1. Evaluate segment 286-305: report whether one residue or more is assigned to a helix (DSSP H, G or I) and at pLDDT 95 or above.
2. Return a yes/no flag: does segment 80-100 have any residue that is in contact with an Asp or Glu (Cβ under 6 Å, 6 or more places away or on another chain), in contact (Cβ under 8 Å) with a residue 24 or more places away in the chain and under 22 Å from L44 (Cβ atoms).
3. What number of residues within segment 280-310 are among the hydrophobic types (A, V, I, L, M, F, W, C) and in contact with a Gly (Cβ under 8 Å, 6 or more places away or on another chain)?
4. Please go through segment 255-302 and give me each residue that is more than 17 Å from Y210 (Cα to Cα), among the aliphatic types (A, V, I, L, M), surrounded by fewer than 17 Cβ atoms within 10 Å (Cβ to Cβ) and touching a strand residue (DSSP E or B) at 6+ places or on another chain (Cβ under 9 Å), ordered by number.
5. Output the residues belonging to segment 10-38 that are more than 23 Å from the chain's Cα centre (by Cα) and without any contact (Cβ under 8 Å) to a residue 12 or more places away in the chain.
6. I'm trying to understand the selection: among the residues of segment 213-255, which are among the charged types (D, E, K, R) and either closer than 29 Å to V171 by Cα or touching a Cys at 6+ places or on another chain (Cβ under 9 Å) (or both)?
7. Tell me whether segment 264-274 contains one or more residues that are within 30 Å of Y228 (Cβ to Cβ), assigned by TED's automatic domain parsing to the domain that holds F187, outside any loop (DSSP other than H, G, I, E, B) and among the polar types (S, T, N, Q).
8. Tell me, yes or no, whether segment 329-352 has at least one residue that is of a type in the set (F, W, Y), at pLDDT 95 or above and surrounded by 13 or more Cβ atoms within 10 Å (Cβ to Cβ).
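The values are calculated or read from the model by the stated rules, or taken from the named source; none is laboratory data. Everything numeric here is computed off the predicted structure, so don't read it as measured data. Here the Cβ positions follow ideal geometry from the backbone for every residue, glycine too, while neighbour counts run over all protein chains shown.
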Amino acid sequence: MSEKNSIEILKKLVSFDTTSFKSNLGLIKFIENYLNEFNIKSELIYDETKNKANLFATIGPNSQGGIVLSGHTDVVPIRKQNWTSDPFVITERDNKLFGRGSSDMKGFISLVLSRVSTMVEKKLKKPIHLAFSYDEEIGCVGVHGLLDLIKKKSIKPEFCIVGEPTNMEVVIGHKGKHAYEEKVDGFSCHSGQAPYGVNAINYASKLITYIEELNKEKSIKGPFDNEYEIPYSTLHTGLINGGTILNIVPNLCQFEFEIRHLAEDDPLKIIQRIHQYTEELLIKEMHKISLKTNISINEKLNYPGLDISESIEPVKQVKEILNNSNHKKVIFGTEGGLFKKELNIPTIVCGPGSIDQAHKPDEYISIQQIEKGGIFIDKLINNYS
């Protein structure tokens, strides 16, 4: 099949600026109208503001089994990036299609939509479900409403493919992520009287040092999964803010840290140790000077890791279609862990494009990857017809 149609659809999808802090309704309505041309009904699941929505649609029989093809519609910001061309207009150069979201992951969605006519004509024996979400890029926020809808329908697909850019390689695992904000409330005074105050930055530093000690412990004691580039769970502090001027003992310091954990490694046990260290050592020490001091923690986001066996039938099926017996686990997170956890179905991450191009200026997907992804979806459809 020529990929002219999928490239035209990709041009349309990229033209919608669906940066995570903006509405995706223009794109969602486009997909809804497109599917309606084939008499396929879409269900939209809106967020509280009604400015964003997930889309769910089923092609084929209303029965159990089948497959879910999943993708997120949002993209990361272009702010402070120097693009050679308009990021929201597909530009072709050197057999590459440049545009924000071309690789991550509107390329996959365009391929799926370009095959809808084939899915209808083939009279599928098992259903193919389309599941397109919002706000994946800021912590897999939107997909929860989509998963709730699928659970209410009591649908039990055989497996799910999340079409994140993997160069059409089979991914059977990724780490989970938990992100937190710590707030340290100290006690101010003149810096000349520093011993009478509680320096919020100092206590934040002690806690950050402890978090780094836990990180080192993970690197030594594990658990380990050697299929990952970094085979253990990691902790990382990435943002910090505190103080006003140098001659005031700061009464406030805030910082953010994350845990990227193996699917088998419970991040809540790590958080329990951080709580224990905070309450039994730091806060007690702070209270010796002022009972108004405190350290609080707030979870900002979380999504589970993904880990499936290479020996299960869906993995074998996808490998056979691709004529590639290899698989891997990746450093980036996806909605795949949530599909597996919430729906209890095997979930594979596999899609066109490279994560190396995602989130960067002049993001692109090669036409070769579009063609390879198209062949994969064609063969997948044949398996269900």
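1. First pass over segment 286-305, keeping only residues assigned to a helix (DSSP H, G or I): 286-287.
From what's left, at pLDDT 95 or above: 286-287.
The answer is yes; a qualifying residue exists.
2. No, segment 80-100 contains no residue that is in contact with an Asp or Glu (Cβ under 6 Å, 6 or more places away or on another chain), in contact (Cβ under 8 Å) with a residue 24 or more places away in the chain and under 22 Å from L44 (Cβ atoms).
3. The number of residues fulfilling the criteria is 5.
4. Selection gives I289, L301.
5. N33, N36, E37
6. Within segment 213-255, K216, E217, K218, K221, D225, E227, E229 meet the criteria.
7. Our first condition is that a residue be within 30 Å of Y228 (Cβ to Cβ); within segment 264-274, this holds for 264-274.
Those left that are additionally assigned by TED's automatic domain parsing to the domain that holds F187: 264-274.
Subsequent filtering for residues that are outside any loop (DSSP other than H, G, I, E, B) retains 267-274.
Remaining after also requiring among the polar types (S, T, N, Q): 272.
Scanning segment 264-274 turns up at least one residue that is within 30 Å of Y228 (Cβ to Cβ), assigned by TED's automatic domain parsing to the domain that holds F187, outside any loop (DSSP other than H, G, I, E, B) and among the polar types (S, T, N, Q).
8. yes
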